[in-house]
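Working notes, structure below.
No value in this document is a laboratory result; all are computed from the given coordinates. Being a predicted model, the structure only gives us computed values, none of them experimental. No Cβ is skipped: glycine too gets one built from the backbone with ideal geometry, and neighbour counts run over all protein chains shown.
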Amino acid sequence: MYHKAIEHLARKEKLPLELVETVATNDFETWKSKAIDLQEKVDAFFLPHYAGMTDQNGDYVPNDVVVNWYLQNIKIPEAVLQREHVNLGLLCGADDSGYNQGYTAAVMANEILLHQVSPAELAPRTTNRGALTVNRTRAKSLGIVLDGTMGIEEYVD
């Protein structure tokens, strides 16, 4: 789902970067192979989602196994959507938290249920962006020097 939105923005020239390729798979071996190949062709990765990977037998691969493989094998920066992924060791993210999503949904439900606003009349909304969070350990392993001019709001180790 995220890859379609990103591809759309790239086609409309609305991204502040060049999109080289998107990879949408739940096959862990394919994902690993593409990551190894692409790290030689790109400056950074955006990992909106990596849960639900399966192995050759169709068995679920735990997220910590996916992240540990990634951290051991990929040597370029990455951005993620949720702070929990930064807590697992990935470089950075502006938290798109479930709390913020739930809060926004509750505000909209309040307008519909208590104020009798038709759902068709509600404007689309995005959640408030959470704190820009950076994992210091990952930054150090990538040779990234962090300083106060980067707009980082929270650090994790």
Could you tell me whether the range 84-104 includes any residue that is assigned to a loop (DSSP other than H, G, I, E, B) and at positive phi? yes
Within the range 66-92, can you find the residues that are closer than 15 Å to Ala51 by Cα and among the basic types (Lys, Arg)? Arg83
Only one of Ile76, Ile152 that is closer than 26 Å to Glu40 by Cβ, aliphatic (A, V, I, L, M) and not in a helix (DSSP H, G or I): Ile76
Out of the residues in the range 122-157 that are exposed (fewer than 10 other Cβ atoms within 10 Å of the Cβ) and either charged (D, E, K, R) or in contact with a Gly (Cβ under 8 Å, 6 or more places away or on another chain) (or both), state the one that is nearest to Thr104 (Cα to Cα). Asp157
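Let's see how each residue does on (1) farther than 30 Å from Asp43 by Cα; (2) of a type outside the set (Gly, Ala, Ser); (3) not in a loop (DSSP other than H, G, I, E, B):
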| position | (1), (2), (3) |
| --- | --- |
| Met108 | yes, yes, yes |
| Ile112 | yes, yes, yes |
| Ala120 | yes, no, yes |
| Ala123 | yes, no, no |
| Thr126 | no, yes, no |
| Ala139 | no, no, yes |
| Val145 | no, yes, no |
| Gly148 | no, no, no |
